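Novice: The following block contains the structure, expressed as structure tokens.
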Amino acid sequence: MENNIALITKNHKNAILIYIVFIFSFLLLLLQSIQPIHPFDEFFYLQAGKDYLEKGLSPWIDHYSFTFFGEKIKYFPVLYGITFASIVSYLGLIFGYQFFLALHLFIILTALFVYTKKIECSWQVTLLIVPILLYFLLLRINPRPELLGNALIIVCLMLYFKARSNFSYQNLILISLVLLFWVNWHTPIFGYIIFFALFVDKFFDKVFKRGESFTWKFWTFWGIIIFCIGFIHPNDGHFFIELIFFGGDDWSSIVHEFVPVDSEYFYRFQYNLLLFGAAISIIFFTIKKQYGLIFIILILIAVSALMHRLLTQSSIIILLLLMYVLSHQDSKNFISSLKPLIQKLLSFTWGVIILFALIGLTNTGIQLLSTKGLSQLKENLYPVETVNYLKLNKKQGHVFNDFGLGGYNIYNLPSGFKVFWDGRLNLLYPFNFAKKYLEAQENFANVFSNEVDNYQIDYVILKIDQNDYFIVTQHKDYFLEYVGKTFFLFSKKSDNQENNLKVSSKLSLFPMCWESSLHEDILEEQKKTQSVIFPRNSRMKRLFSVVSNYDLHENKLDAFNQNYIQSLKGDAEKRLLAYMAIKSKEYSPAMFLFSTLETRENRDLLMLIAAMLKAGELEQAMELITILSSSEKMANLDRKSLVPFEKAILLTLIEQSKGQLNFSPEESKYIEELKNNFQSENFNFSLPLKSIFPEAGCKKLFST
């Protein structure tokens, strides 16, 4: 009686501790669901699902690009698309997306909880494995169709153990139904690997153990049935056939998620962690002669090495098998038979692994919570303001865009707009097309020149880059129409396309070119654009406000009063007013403005040095010059190395501050090397800062 009570108490304690592990795990995963929607492909799935439900548009035909409009799409997960679209239409984009992600995570943890119950896992093993499993899960947490596959993997493993014990019609029908759902949700390759191992097990049982519970005819019949389920979906063909053709092109040369694990240290660390768990499992399964499970592990180790995107699913399966191993009585006896020192070493190793897993689990969520909100993060990721301007003022057209922006544009622009391309690599855009443009991202000038000739392009949306401005506008057919917070918009000249922001848009990009002589044109553009619909909190409207405020003051120095400066919200207007202050010889407000920028570029730091030198803040100026003179310190600031014209500005500042600053021997050597380099190009240190400018001077820029 006492033994029974003790056993009940022990089981009760074990159950409570497992509940605690899972509750804590769900809270951690819930933290991860607070994130913006991923722009590459989630937006496309969402829009295609919405159009399928509301308009009856086929998701297997392209309706969204002008490069492959009307072409066949190889694969579309229709159940995923309509589920995603239905939830978002009911709950709204941001909350609907986060709820959809949280729902996935809840389903995965629920399946994992049931699995621990099925294999009678102890709380110690649960605590050992679950944090590491969650760490691998978070490597690919975006709610793509494959995310639910993680829960289906767990279900398939439970069905595997059940069918291995009882290879019956009932269990094989359950397996078939799970695969039928999975093949219509997403590619069920991991489910097939698991169930192929089941048939391998049964093969060896029949050959070596002379099992009488089933016949070869039964084994063959169900093998064919399960394989043929791969054809029962609205897309064409069988996913195994698609994998063969997919492997014919070297997608890893252009798509990062297809690269092998040895390409980066980060992936090698994860892979070695995977191998550690796999080795323990293989030893146990070899002793138990469970060859099907050994087959699963070896296949997963191989495919993960070839493509790091498969690490998450492979790790989930291997860790679940390791959990099964550690929960088995033979394994418990084996561990307890080890020497105390070895047991302590194992405990220490797993403790370190769990610690790293927990750090990885919390890091992303903390970073998200430390931002000023998802809206700000979203505006940095997507062309929110620029797309809103286009949507408010135009009706249709072909939009040239970067790869990562296509999905966002598809979802947010009316159907009359078509994108250049988006995240549907291999599904719509063939390998040669993708390779051509992804490899050419570093040579945007050639790409754009070719596509202007090949396609009718009405609009160009790109992340703000001064060099890209010159590349696009060197084509006389295009002008800069609007500048948003992070992206800008170019339009093709035509009878109905008027350049309303000719001067102010350029000044927004090149605030170092500010001159009071530009004000008349800018204020005229402000009047002319009263009929234009600007997005809420428009960057261009804020620029107009800065110029208007400056013109309102008879004493121009009053434009730089502290109250007004503190009222400015965005970097664009702060940067413009900072250059105004420098040219008005108001160095203290300029220094304050440059120092409060949320995102500081190299030239902002250079102008901050200029203001500090003029304001007499020599120690601070020296500190910044030291940072800019050191590639290691620049890297710590997450800054790119100085380009030639930025080095020229730095040299100009150093030359103008002779006698005020004292440099270390290392810094002096670096500065001397810079001087020798620029002297060979007849660089004139007496030039004013504003004349050191990429591609063209300010006068030339504003004369066009």
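Novice: Would you call F190 outside the structural domain of G277 (by TED's automatic domain parsing), hydrophobic (A, V, I, L, M, F, W, C) and buried (at least 21 other Cβ atoms within 10 Å of the Cβ)?
Specialist: It is false that F190 is outside the structural domain of G277 (by TED's automatic domain parsing), hydrophobic (A, V, I, L, M, F, W, C) and buried (at least 21 other Cβ atoms within 10 Å of the Cβ).
Novice: Residues A163, A197: which one is touching a residue at least 60 places away in the same chain (Cβ under 8 Å), assigned to a helix (DSSP H, G or I) and among the small types (G, A, S)? Break it down into steps so the answer makes sense when it comes.
Specialist: On the way: A163 fails: touching a residue at least 60 places away in the same chain (Cβ under 8 Å).
Only one candidate passes the filter, namely A197.
Novice: Exactly one condition in (1) in contact with a Pro (Cβ under 8 Å, 6 or more places away or on another chain); (2) within 30 Å of Y455 (Cβ to Cβ) is not met by Y64; state its number.
Specialist: The failed condition is (1).
Novice: Filter segment 388-409 down to residues that are among the hydrophobic types (A, V, I, L, M, F, W, C) and within 27 Å of N500 (Cβ to Cβ) and give me whichever is surrounded by the most Cβ atoms within 10 Å (Cβ to Cβ). Quick ask: steps written out before the conclusion?
Specialist: Filtering segment 388-409 down to residues among the hydrophobic types (A, V, I, L, M, F, W, C) leaves 390, 392, 399-400, 403, 405.
With within 27 Å of N500 (Cβ to Cβ) added as a condition, the list becomes 390, 392, 399-400, 405.
Numbers: L390: 26, L392: 11, V399: 26, F400: 25, L405: 28.
Going through the qualifying residues, I end up with L405.
Novice: Filter segment 66-103 for residues that are of a type in the set (V, I, T) and out of contact with any strand residue (DSSP E or B) (no Cβ under 9 Å at 6 or more places or on another chain); which is farthest from L27 (Cα to Cα)?
Specialist: Restricting to residues being of a type in the set (V, I, T) and out of contact with any strand residue (DSSP E or B) (no Cβ under 9 Å at 6 or more places or on another chain), the top hit is V78.
Novice: Give just the number: which of (1) at pLDDT 75 or above; (2) within 23 Å of D571 (Cβ to Cβ) does I654 not satisfy?
Specialist: (2)
Novice: Pairs only if they're at least six apart or on different chains, beta carbon under 9 angstrom, first in segment 407-424 and over 17 Å from V384 (Cα atoms) and of a type in the set (A, V, I, L, M, F, W, C), second assigned to a loop (DSSP other than H, G, I, E, B) and at pLDDT 95 or above; list them, first residue then second.
Specialist: none
Novice: Follow-up. Considering segment 284-326 alone, what residues qualify as being assigned to a helix (DSSP H, G or I) and among the charged types (D, E, K, R)?
Specialist: R309
Novice: Evaluate segment 257-265: report whether one residue or more is under 27 Å from G404 (Cα atoms), touching a Leu at 6+ places or on another chain (Cβ under 6 Å) and modelled with pLDDT of 80 or more.
Specialist: Within segment 257-265 (the criterion being under 27 Å from G404 (Cα atoms), touching a Leu at 6+ places or on another chain (Cβ under 6 Å) and modelled with pLDDT of 80 or more), the answer is yes, since at least one residue qualifies.
Novice: Give me the pairs, please: first residue somewhere in segment 307-324 and outside the structural domain of L275 (by TED's automatic domain parsing), second residue anywhere and part of a helix (DSSP H, G or I) and at pLDDT 90 or above, beta-carbon distance under 7 Å, and either six or more positions apart or on two chains.
Specialist: If the second residue must be part of a helix (DSSP H, G or I) and at pLDDT 90 or above, no pairs are left.
Novice: Continuing with this model, one more query. With the condition kept exactly as written, say whether any residue in segment 567-574 is under 29 Å from K394 (Cα atoms) and of a type outside the set (D, E, K, R).
Specialist: Filtering segment 567-574 down to residues under 29 Å from K394 (Cα atoms) leaves 569-573.
In the following step, the residues that additionally are of a type outside the set (D, E, K, R) were identified as 570, 572.
Looking through segment 567-574, at least one residue is under 29 Å from K394 (Cα atoms) and of a type outside the set (D, E, K, R).
Novice: Test E617 against the criterion of being more than 21 Å from K583 (Cβ to Cβ), outside the structural domain of Y469 (by TED's automatic domain parsing), at pLDDT 75 or above and not polar (S, T, N, Q), and give yes or no.
Specialist: So E617 fails the test.
Matching residues to (1) more than 22 Å from P143 (Cβ to Cβ); (2) among the hydroxyl-bearing types (S, T, Y):
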site	(1), (2)
Y80	no, yes
T83	no, yes
S86	no, yes
L103	no, no
S122	yes, yes
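Novice: I would also like to ask the following. Among the residues of segment 13-68 satisfying the criterion of being of a type in the set (D, E) and part of a loop (DSSP other than H, G, I, E, B), which is modelled with the lowest pLDDT?
Specialist: Among those that are of a type in the set (D, E) and part of a loop (DSSP other than H, G, I, E, B), it is D41.
The values are calculated or read from the model by the stated rules, or taken from the named source; none is laboratory data. Since this is a predicted model, take the numbers as computed values, not measurements. For neighbour counting, all protein chains shown are included, and Cβ atoms are generated from backbone atoms with ideal geometry for every residue, glycine included.
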